[in-house]
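The values are calculated or read from the model by the stated rules, or taken from the named source; none is laboratory data. Note that the structure is predicted; figures quoted are calculated from it, not measured. When we count neighbours, we look across all protein chains shown, and the Cβ atoms used for this are built from the backbone with ideal geometry, even at glycine. Ligands, DNA and RNA are excluded from the accessible area calculation, which covers all protein heavy atoms including side chains. Shrake-Rupley method; radii C 1.70, N 1.55, O 1.52, S 1.80 Å.
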Amino acid sequence: MSAPTTAEQDQQERWAEISSDPVLCELLYKVETNRRGQLILSPHSASRSDMQGDLIALLHEHADGGRVRPEFPIATSKGTKGADVVWCTSERRDEMEGTGDPPTLAPEVCVEVMSESNDWDEMAEKRPLYRDAGAEEVWVVTEEKGIRFFADEERDRSEVIPTVPDRL
């Protein structure tokens, strides 16, 4: 585990400001920041929330011994990003806690759910950020409920959780 970079520490400080703002805590938006610490707000939709719930259930069914969490913030060199769902082992979570809040070390699996408020260009930007932060895989759930698995390249299936199907 390496110490957070200055950019990551700046993101952690900015995130502390954001998460303590009572007005921002009441917004019905997914909140992230860009590399300048500016807010990025994405509206929630019922269908996206349903897919997140289905994904959480799927991970509980196929990934014994790990922790599943929704809307998990990760401080990256280009802002604090909120993975829609993450999965990590208890050992990784302990390591993550040592990097600060939000952590600069990503869980083993970070999942993004596609919706009308994002696109594949955004996913192509986020995937390397999660990987650079230590994610072993980044999954993208399409609006058609397909699951695409990425490490350095796209995979046919997850190697971290091999029994998980490629559809919700």
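Computed values, structure above
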{"quantity": "Residue check for SER90: in contact with a strand residue (DSSP E or B) (Cβ under 9 Å, 6 or more places away or on another chain) and free of Cβ contacts under 8 Å to residues at least 40 places away in the same chain", "calculated": "yes"}
{"quantity": "Selection from the stretch 98-118 of residues that are open to solvent by 50 Å² or more (accessible area, probe 1.4 Å) and either over 23 Å from GLU13 (Cα atoms) or at pLDDT 95 or above (or both)", "calculated": "GLU116"}
{"quantity": "Enumeration of residues in the stretch 5-21 that are modelled with pLDDT of 90 or more and open to solvent by 90 Å² or more (accessible area, probe 1.4 Å)", "calculated": "GLU13, GLU17"}
{"quantity": "Scan of the stretch 42-60 for residues that are part of a helix (DSSP H, G or I) and either open to solvent by less than 30 Å² (accessible area, probe 1.4 Å) or of a type outside the set (Gly, Ala, Ser) (or both), ordered by number", "calculated": "ARG48, ASP50, MET51, GLN52, ASP54, LEU55, ILE56, LEU58, LEU59, HIS60"}
{"quantity": "All strands (runs of 3 or more DSSP E) inside the stretch 61-168 with 2 or more residues being among the basic types (Lys, Arg)", "calculated": "66-76"}
{"quantity": "Options ARG35, ARG14, ARG67, ARG48: the member that is closer than 22 Å to ALA151 by Cα and of a type in the set (D, E, K, R)", "calculated": "ARG67"}
{"quantity": "Long-range neighbours under 6 Å by Cβ, at least six apart or interchain, first residue among the hydroxyl-bearing types (Ser, Thr, Tyr) within the stretch 64-76, second not in a strand (DSSP E or B)", "calculated": "THR76/LEU129; THR76/ALA133"}
{"quantity": "When residues of the stretch 119-168 are limited to those that are under 17 Å from the mean Cα position of the chain (by Cα) and among the basic types (Lys, Arg), the one most open to solvent (accessible area, probe 1.4 Å)", "calculated": "ARG148"}
{"quantity": "Single residue of LEU39, LEU27 found to be of a type in the set (A, V, I, L, M), closer than 20 Å to GLU125 by Cα and surrounded by 13 or more Cβ atoms within 10 Å (Cβ to Cβ)", "calculated": "LEU39"}
